[in-house]
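The next block holds one structure in the form of structure tokens; read it before the comments.
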Amino acid sequence: MADEVEKKHEVIMIGAGPASLTAAIYTTREDIETLLFERGAVGGLAAVTDWVDNYPGFPEGITGLDLADALHKQAERFGAIIELGEVSKITDEGEYKHLETTSGDMYAKAILIATGSDYKKIGVPGEMEYYARGVHYCATCDGAFYRDKRLVVVGGGNSAVQETMFLTRFASHIDLLVRGDKFRASEILQRELKEKHSDKVTVHFNTTTDEIVAENNKVVKVVGTDKTTGKKVDFPTDGVFVFVGLMPNTQFLKDSPIELDAIGLIKTDQDLQTTMKGVFAAGDVRSGATMQIASAVGEGSTAALRIREYLEGRHSPAMK
């Protein structure tokens, strides 16, 4: 019986990034017993971001690791328990939700899914070696580091074109490498890129990205292949931005009644509740998220307040 009691919790949060760490600060301060499961690094993508320059309250910026560590310590100070492990399935059993985990079966009255998303990688030499040190996946986060510098952007969809146009605010020139013979981006974005940014952006269709090369630990060029000629092409650069999509960390929800959007992000209502009653989502894993640390923190605090209301019996029905 004691073991069964230990496996029952008021709130279980899946993931320990900025959204869930913030939510845990709120819930534990109100004496709501909270357990967090994290399969990787506490702090999520924030923890492996070299430098965060756009988080409010830090005029000189802060390393992603320091910001994640501060959130971690604050959540634990109020009583949040963080356990390394993974959740493989969630089922609704009425008052309690059943979670299958690497620590065995767990039960919670309310769940927050904040597993985040990973940037899709292109899998070339140099990409992971220089992640956050010349190779980036977020223009809003890191574009300002490249004022008056040359850049290479990889991708041909909406996000690649949108982020390329944003990067023209900083970069002196951008080489946009598109693997196919045309953009996958919308006609409107293509037209805007051509009409407003052609002086700073050179588009290279039918061009693969084969290697990111550095000298003295500094990215200096991208090596690609012109598929029309089969010849190697060098693109001198100070940094590389890769925009080939996101991969939400929702594989464990594949056969779940929790509804996902077309790319696998979790659908929620205005209260951040999913299609399973008592299960909420926040941060980069949520459909409609802005993929920023500041907004993930905001959603985490909102989710915590909605979870409290749910536990008190003051809540809206599950999303339809």
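Under the condition of being part of a strand (DSSP E or B) and aliphatic (A, V, I, L, M), which residue from segment 276-287 is nearest to GLY17 (Cα to Cα)? Among those that are part of a strand (DSSP E or B) and aliphatic (A, V, I, L, M), it is ALA281. Here THR274 clears all of (1) modelled with pLDDT under 95; (2) of a type in the set (Val, Ile, Thr); (3) in contact with a Ser or Thr (Cβ under 6 Å, 6 or more places away or on another chain) except the condition numbered (1).
Every residue, every condition in (1) at pLDDT below 95; (2) acidic (Asp, Glu), yes or no:
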| position | (1), (2) |
| --- | --- |
| LYS221 | no, no |
| VAL242 | no, no |
| ASP269 | no, yes |
| PRO317 | yes, no |
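ALA144 passes every criterion in (1) in a strand (DSSP E or B); (2) within 30 Å of LEU177 (Cβ to Cβ); (3) aliphatic (A, V, I, L, M) apart from (1).
Can you tell me which of LEU84, LEU99, LEU112 is more than 20 Å from THR275 (Cβ to Cβ) and not hydroxyl-bearing (Ser, Thr, Tyr)? It would help to see each step written out before you state the result.
Working: LEU99 fails: more than 20 Å from THR275 (Cβ to Cβ); LEU112 fails: more than 20 Å from THR275 (Cβ to Cβ).
Just a single option satisfies the conditions, and that option is LEU84.
Answer yes or no: is there a residue in segment 232-250 that is without any contact (Cβ under 8 Å) to a residue 60 or more places away in the chain, among the polar types (S, T, N, Q) and crowded, with 19+ Cβ neighbours inside 10 Å. Looking for residues that are without any contact (Cβ under 8 Å) to a residue 60 or more places away in the chain, among the polar types (S, T, N, Q) and crowded, with 19+ Cβ neighbours inside 10 Å, one finds none in segment 232-250, hence no. Within segment 24-64, the set of residues being more than 24 Å from GLY104 (Cα to Cα), outside any strand (DSSP E or B) and within 18 Å of the chain's Cα centre (by Cα) comprises LEU45, ALA46, ALA47, VAL48, THR49, ASP50, TRP51, ASP53, ASN54, TYR55, THR63, GLY64.
Being among the acidic types (Asp, Glu), within 17 Å of GLY17 (Cα to Cα) and more than 20 Å from the chain's Cα centre (by Cα) is the filter here; which residues of segment 65-102 pass it?
First pass over segment 65-102, keeping only residues among the acidic types (Asp, Glu): 66, 69, 76, 83, 86, 92-93, 95, 100.
If we keep only those that are within 17 Å of GLY17 (Cα to Cα) too, we end up with 66, 69, 76, 83, 86.
Answer for segment 65-102, where residues must be among the acidic types (Asp, Glu), within 17 Å of GLY17 (Cα to Cα) and more than 20 Å from the chain's Cα centre (by Cα): GLU76, GLU83.
Of all the residues in segment 218-237, those that are farther than 20 Å from GLY155 by Cβ and among the hydrophobic types (A, V, I, L, M, F, W, C) number 1. Of all the numbered requirements in (1) surrounded by 15 or more Cβ atoms within 10 Å (Cβ to Cβ); (2) part of a strand (DSSP E or B), GLU83 misses one, and that requirement is (1).
Condition test on THR290, is it assigned by TED's automatic domain parsing to the domain that holds VAL48, without any contact (Cβ under 8 Å) to a residue 12 or more places away in the chain and of a type in the set (Ser, Thr, Tyr)? Criteria met by THR290.
Just one residue in the set THR228, THR290 is under 28 Å from TRP51 (Cα atoms), part of a loop (DSSP other than H, G, I, E, B) and of a type in the set (Val, Ile, Thr); that residue is THR290.
The residues of segment 204-218 that are over 17 Å from PRO236 (Cβ atoms) and not in a loop (DSSP other than H, G, I, E, B) amount to a single one, THR208. Against the numbered list (1) in contact with a helix residue (DSSP H, G or I) (Cβ under 8 Å, 6 or more places away or on another chain); (2) closer than 30 Å to TYR310 by Cα; (3) assigned to a strand (DSSP E or B), VAL153 comes up short only at (2).
Please determine, by comparing only the residues of segment 181-197 that are outside any helix (DSSP H, G or I), at pLDDT 95 or above and not basic (Lys, Arg), which one is surrounded by the most Cβ atoms within 10 Å (Cβ to Cβ). Checked segment 181-197; the qualifying residue surrounded by the most Cβ atoms within 10 Å (Cβ to Cβ) is PHE183.
The values are calculated or read from the model by the stated rules, or taken from the named source; none is laboratory data. All of these numbers come straight from a predicted model, not from anything done at the bench. In this analysis, Cβ positions are derived from the backbone assuming ideal geometry, glycine residues included, and neighbour counts consider all displayed protein chains.
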